[in-house]
């Protein structure tokens, strides 16, 4: 029996280790507390998520994650992305994934070019992929969406 509600766009980037979705509970005017609780339930019970990394600047959902027993990190990402922000995100993802039993969800409001590029960049920063073209192709295939110039720039940019 499936419990809860699967968050929009939920996809495993690294099988059973690193996932991505839109903001839990919906974004903007669509955000609803009841939906957030249903999605958190699904994340814990069905996907086994143990940790959430939010890229939002405010404290949206942090308390709800922690109240439900999830480890929660906040790594605000600017638009456009500022120097040093990708490296900080990758450090947090490395820390969160250091526990072999961890299952990590990373999200922004929506799965956009910035988030896609950062995830492709993480595939390279983590050593899973050593070529920016391959990382771009992989993240596009995984997320099922094309990657624009802003996203590709995040993949090929040196860690700063």
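Where a number appears in this text, it was derived from the coordinates with a stated rule and is not lab data. None of these values were measured; they are calculated from a predicted model. Don't worry about glycine lacking a Cβ; one is built from the backbone with ideal geometry, like all the others, and counts go over all protein chains shown.
Taking only C-alpha pairs under 8 Å that are 6+ residues apart, what is the relative contact order of the range 11-112 in percent?
Once normalised by length, the contact order is 39 percent.
Using only DSSP helix segments of four residues or longer, with each worth -39500 (n - 2.57), what per-residue ellipticity at 222 nm results for the chain after dividing by its residue count and rounding to 500?
-12000 deg cm²/dmol
Using alpha-carbon positions, what is the distance between the centroids of the range 141-156 and the range 45-70, in Å?
25 Å
Please report the antiparallel percentage of the DSSP beta bridges confined to the chain, to the nearest 5.
Around 20 percent antiparallel, to the nearest 5.
Only Cα pairs under 8 Å and at least 6 apart count here; give the relative contact order of the range 44-94 as a rounded whole percent.
Rounded, it is 34 percent for the range 44-94.
Where q = 0.16 Å⁻¹, what log10 of I(q)/I(0) comes from the Debye formula for the chain, counting one point per Cα?
-0.85
I'd like the orientation of helix 113-125 relative to the chain: the angle between its Cα long axis and the longest Cα principal axis, in ° from 0 to 90, rounded to 10.
Compared with the principal axis, the helix lies near 70 degrees.
What is the helix-to-structure angle for 33-45, meaning the angle in degrees between its Cα long axis and the longest Cα principal axis of the chain, kept from 0 to 90 and rounded to the nearest 10?
The two axes meet at around 70 degrees.
At 7 Å along the Cα-to-beta-carbon direction for both residue 62 and residue 150, put a label point, then send me their distance in nm to one decimal.
Each label point is offset 7 Å from its Cα along the Cβ direction, giving 2.4 nm.
To the nearest 10 degrees, how steep is helix 132-143 against the longest Cα principal axis of the chain, on a 0 to 90 scale?
Helix 132-143 and the main axis of the chain meet at about 20 degrees.
Sort 44-57, 91-104 by the packing proxy (mean of other Cβ within 10 Å over each peptide's residues), most packed first.
Listed from highest to lowest mean packing, they are 44-57, 91-104.
At 0.36 nm per residue, and after removing the present C-alpha to C-alpha distance, how many nm does the segment from residue 112 to residue 98 gain when stretched out fully?
Extra length from residue 112 to residue 98 when fully extended: 2.4 nm.
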